[in-house]
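The values are calculated or read from the model by the stated rules, or taken from the named source; none is laboratory data. Note that the coordinates shown come from a computational prediction; the quantities given were computed from them, not determined experimentally. Here the Cβ positions follow ideal geometry from the backbone for every residue, glycine too, while neighbour counts run over all protein chains shown.
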Amino acid sequence: MLIFLDDSGDPGFKVQKGSSPCFVIALAIFDDHLEAESCAVEIKKLRRELGLSDHFEFKFSKCCDRFRIAFLTSVAPYKFRVRAIVMRKDAIYSPELRQSKESFYRYSIRMVLQHSFGTIQKARLKMDGHEDREFRRELYAYLRKQLQADGDGVPILEDLRIVDSKNNVLIQLADMVAGTIRRFAEQEKADAIQYRKIIEKRIEDVWNFGR
């Protein structure tokens, strides 16, 4: 099982000063490696069809409406599952989570992986972010400690890799999905429903944490 993880929003709690009302962690889950490879090829093909450089990075926050629709429409036929958590900051009361961005970030990842009702097992997780080996080691140790095996003793997480999203189009897929889900959750823009409808059949679960 391959999982590509990315987030949307920011882990800060100063919403009145510009922090996002919601923080989203999204997982793009492939149960078949060949399907993941095919989806990756499709994304690379789309870049060329749009006249973009082979080094162009799809990011929801930086793409125009046309690129977002083209991207989501291109990947929608592929067999991947989306699981996500929407952390609504007005529903978070823990002082530790509100005061430590790192704790909030780790906790959000743990929650979306842990509450999968057995649909995530022996996963090879790839996520965008820090190249710091110490960060990777600490995060992996935290997740392995916190994520208990299911009733059959099968581990949820088998491996964790921190990768550069610029070089991994399936991390870019997770970014586009996370942005779509946050846009829908916050309902602040008219296009919120439009994007979600395109990938609706790929969404397995979106957990509105605290509600």
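To keep it simple, each residue is scored yes or no on (1) out of contact with any Lys or Arg (no Cβ under 8 Å at 6 or more places or on another chain); (2) basic (K, R).
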{"site": "I109", "(1), (2)": "yes, no"}
{"site": "S116", "(1), (2)": "no, no"}
{"site": "G129", "(1), (2)": "yes, no"}
{"site": "L139", "(1), (2)": "no, no"}
{"site": "G153", "(1), (2)": "yes, no"}
{"site": "Q172", "(1), (2)": "no, no"}
{"site": "R183", "(1), (2)": "no, yes"}
{"site": "I193", "(1), (2)": "yes, no"}
{"site": "D205", "(1), (2)": "no, no"}
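Return a yes/no flag: does region 71-94 have any residue that is surrounded by fewer than 18 Cβ atoms within 10 Å (Cβ to Cβ), in a loop (DSSP other than H, G, I, E, B), modelled with pLDDT under 95 and among the small types (G, A, S).
Within region 71-94, one or more residues are surrounded by fewer than 18 Cβ atoms within 10 Å (Cβ to Cβ), in a loop (DSSP other than H, G, I, E, B), modelled with pLDDT under 95 and among the small types (G, A, S).
From the list D10, D32, pick out the single residue that is touching a strand residue (DSSP E or B) at 6+ places or on another chain (Cβ under 9 Å) and closer than 21 Å to Q187 by Cβ. If you could, list the steps in order and put the result at the bottom.
Values: D32 fails: closer than 21 Å to Q187 by Cβ.
Step by step, each of D10, D32 is checked, and only D10 is touching a strand residue (DSSP E or B) at 6+ places or on another chain (Cβ under 9 Å) and closer than 21 Å to Q187 by Cβ.
Of all residues being modelled with pLDDT of 90 or more and polar (S, T, N, Q) in region 141-170, which is nearest to G129 (Cα to Cα)? Just the residue, please.
Ranking the qualifying residues of region 141-170, first place goes to S165.
For region 8-58, which positions are under 20 Å from E204 (Cβ atoms) and in a loop (DSSP other than H, G, I, E, B)?
Across region 8-58, the qualifying residues are D31, D32.
Here are the criteria: (1) assigned to a strand (DSSP E or B); (2) out of contact with any helix residue (DSSP H, G or I) (no Cβ under 9 Å at 6 or more places or on another chain); (3) of a type outside the set (F, W, Y). Tell me which single one L160 does not satisfy.
(2)
Considering region 171-198 alone, what residues qualify as being of a type in the set (A, V, I, L, M) and either in contact with a strand residue (DSSP E or B) (Cβ under 6 Å, 6 or more places away or on another chain) or under 25 Å from G129 (Cα atoms) (or both)? Don't jump to the end; show me each part of the working.
We begin by selecting, within region 171-198, every residue of a type in the set (A, V, I, L, M); these are 171, 173-174, 176-178, 181, 185, 190, 192-193, 198.
Hits for region 171-198 are I171, L173, A174, M176, V177, A178, I181, A185.
What is the one condition in (1) farther than 19 Å from I43 by Cβ; (2) touching a residue at least 12 places away in the same chain (Cβ under 8 Å); (3) in a helix (DSSP H, G or I) that I193 does not satisfy?
In the conditions (1) farther than 19 Å from I43 by Cβ; (2) touching a residue at least 12 places away in the same chain (Cβ under 8 Å); (3) in a helix (DSSP H, G or I), I193 misses (2) alone.
Assess whether I120 counts as being buried (at least 18 other Cβ atoms within 10 Å of the Cβ), aliphatic (A, V, I, L, M), assigned to a loop (DSSP other than H, G, I, E, B) and touching a residue at least 40 places away in the same chain (Cβ under 8 Å). Full working, then the answer.
Values: buried (at least 18 other Cβ atoms within 10 Å of the Cβ): yes; aliphatic (A, V, I, L, M): yes; assigned to a loop (DSSP other than H, G, I, E, B): yes; touching a residue at least 40 places away in the same chain (Cβ under 8 Å): yes.
In short, yes.
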